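These notes concern the structure reproduced below.
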Amino acid sequence: MLNYHEAQNHHASRPTKLQQFCSLGYECITTVSLIFTIGFVTTAIVGSAEPIILRSIVGSTMVCGIWAYYILCWSTSGQSLAQKAWGLKTVSQNGARLSIKRASIRLVFSIAFNLTLVGPLILLINNDNQLPQDKLLDTRVMRTDRNY
């Protein structure tokens, strides 16, 4: 249970719905850009392989590349490029960085909730401006000082 001052700080650090939605949109653009870049580079490197092998290699490198990007962002600085642009940071409830395991699970939940639009819909109707993956994993997205 949070005391009065912790509750005030927690409330002040909550992102706005606009920040969360804009960050989600930016995350989509970043993810699609990564997919195209990883696919292009991988195809350029192993383009002469058999089509079924090429598809397997390209698909695997895309999944690994996206995983590496988000896990490294969330477990080191707590911020992806989109979150940094919108002044947001993902942390555990006590303010600590996410572990690689927790960041990996958050990525799986993020993909599931956001691709089905459940995440944005829940964000739209709840009052604490947190996504369902953060509620499930006991993490939170908070505002940061944008003067990095």
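The values are calculated or read from the model by the stated rules, or taken from the named source; none is laboratory data. This is a predicted model, so every value here is computed, not measured. Ideal geometry is used to build each Cβ from the backbone, glycine not excepted, and the neighbour counts take in all protein chains shown.
Of all residues in the range 57-82, how many are in contact (Cβ under 8 Å) with a residue 24 or more places away in the chain, of a type outside the set (A, V, I, L, M), part of a helix (DSSP H, G or I) and within 13 Å of Thr31 (Cβ to Cβ)? I'd like the intermediate steps shown before the answer.
Step one: of the range 57-82, the residues in contact (Cβ under 8 Å) with a residue 24 or more places away in the chain are 62, 65-67, 69-71, 74-75, 79-82.
Within this subset, residues satisfying the condition of being of a type outside the set (A, V, I, L, M) are 65, 67, 69-70, 74-75, 79-80.
Imposing the further condition that a residue be part of a helix (DSSP H, G or I) reduces the set to 65, 67, 69-70, 74-75.
If we keep only those that are within 13 Å of Thr31 (Cβ to Cβ) too, we end up with 65, 67, 69-70.
Adding up the residues that qualify gives 4.
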ask   = Does Asn129 satisfy being part of a helix (DSSP H, G or I), at pLDDT below 95 and among the polar types (S, T, N, Q)?
value = no
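Surrounded by 12 or more Cβ atoms within 10 Å (Cβ to Cβ), more than 27 Å from Gln19 (Cα to Cα) and among the β-branched types (Val, Ile, Thr): does that describe Ile57? Step through it out loud before you land on a result.
Values: surrounded by 12 or more Cβ atoms within 10 Å (Cβ to Cβ): yes; more than 27 Å from Gln19 (Cα to Cα): yes; among the β-branched types (Val, Ile, Thr): yes.
Criteria met by Ile57.
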task = Among residues belonging to the range 121-148 that are out of contact with any Lys or Arg (no Cβ under 9 Å at 6 or more places or on another chain) and crowded, with 18+ Cβ neighbours inside 10 Å, point out the one that is nearest to Ser77 (Cα to Cα).
result = Leu131
